[in-house]
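The next block holds one structure in the form of structure tokens; read it before the comments.
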Amino acid sequence: MWPVDPRVDLAAGLVHDFDNLLSVVASSAEGAMELLPPDHPATADLELTAHAVRRLAELSRNLLGVLTRSADVLPPDYRSTLKALEPVLRSAVGPRVSLVVRDDDVPPTSISTLDFERIVLNLVFNARNAIGSAAATREDVGAAGHIEIVLERVAEGQGAWMQLSVADDGPGVPPRLRSRLFDAGVGTGTGSGIGLTVVRRVVRDAGGTIEVGTPPGGGSRFVLRVPARPGRAP
């Protein structure tokens, strides 16, 4: 059973809001790095910024753990987090990109709220960059592209899993990059690849998987699946 002490709830709420702000800063820095070549003079500063913000997030959780004698105060609510993040995503992709978000209740996993936000932001930044590279060759002056985010609960064996997919109608992943897609410095060919490396690390640490494919209409579709935390999903 989760703690019900109102002081704990208040502290957890403050940390959650703080984490939301930190997530935007960290993911914006990582997104900016995606747009720059690895040897760009600003890359080192952006890496330091992202690292410092992630460290701040760790410190805030450590402080909360001391106050509550438990580092696991509230379960992550991915659906609410995605809804709160949607305005930021729409601003990030720009007015010419159609963004569709479909969400459902999903079980909590070992992925923290902050890391979930970083995953979503990195995958959406990746999709935006892919669409941007393709839009330059389009004659249509209307919508430049389409991104769809789907958050859903899936069953595997006797357990429940959280599944998140991000699809775009950009040029897709070049065949020559598929085997090295998540390696640092590779990516989809539209950035530095740092964001995808971070996403894979977080998903693997939580016992999950991540795959990339091509939707029926073309483009790319990233799908990650992470098992529910033991005892946290019926």
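Which of (1) modelled with pLDDT under 85; (2) part of a helix (DSSP H, G or I); (3) aliphatic (A, V, I, L, M) does Val186 not meet, given it meets every other one?
Only one criterion is unmet by Val186, namely (2).
Does the stretch 189-216 hold any residues that are modelled with pLDDT of 80 or more, under 21 Å from Val24 (Cβ atoms) and in a loop (DSSP other than H, G, I, E, B), and which are they?
none
Is there a residue being under 20 Å from the mean Cα position of the chain (by Cα), buried (at least 18 other Cβ atoms within 10 Å of the Cβ) and at pLDDT below 80 anywhere in the stretch 32-40? Can you show your working first?
Narrowing the stretch 32-40 to residues under 20 Å from the mean Cα position of the chain (by Cα): 32-36.
Now restrict to residues that are buried (at least 18 other Cβ atoms within 10 Å of the Cβ): 32-34.
Checking the rest, the ones that are also at pLDDT below 80 come to 33-34.
Scanning the stretch 32-40, I find at least one residue that is under 20 Å from the mean Cα position of the chain (by Cα), buried (at least 18 other Cβ atoms within 10 Å of the Cβ) and at pLDDT below 80, so the answer is yes.
Go through the stretch 223-234 and report how many residues are at pLDDT 95 or above and either closer than 11 Å to Leu123 by Cα or among the basic types (Lys, Arg) (or both).
Selection size over the stretch 223-234: 3.
Among the listed residues Leu59, Leu67, Leu85, identify the single one that is in a helix (DSSP H, G or I) and at pLDDT 80 or above. Spell out the reasoning first.
On the way: Leu59 fails: at pLDDT 80 or above; Leu67 fails: at pLDDT 80 or above.
When all the criteria are applied, what remains is Leu85.
Search the stretch 207-225 for residues that are within 21 Å of Glu156 (Cα to Cα) and pair each with any residue that is modelled with pLDDT of 90 or more and among the small types (Gly, Ala, Ser) when their beta-carbon atoms are under 7 Å apart and the residues are at least 6 apart or on different chains.
So the pair list comes out as Gly207/Ser110; Val212/Ser220; Arg221/Ser165; Arg221/Ala167; Phe222/Ser165; Val223/Ser165; Leu224/Gly208; Arg225/Gly208.
The values are calculated or read from the model by the stated rules, or taken from the named source; none is laboratory data. Keep in mind it's a predicted model, so treat the numbers as computed, not measured. Positions of Cβ are generated from backbone atoms using ideal geometry, with glycine treated the same way; all protein chains shown enter the neighbour counts.
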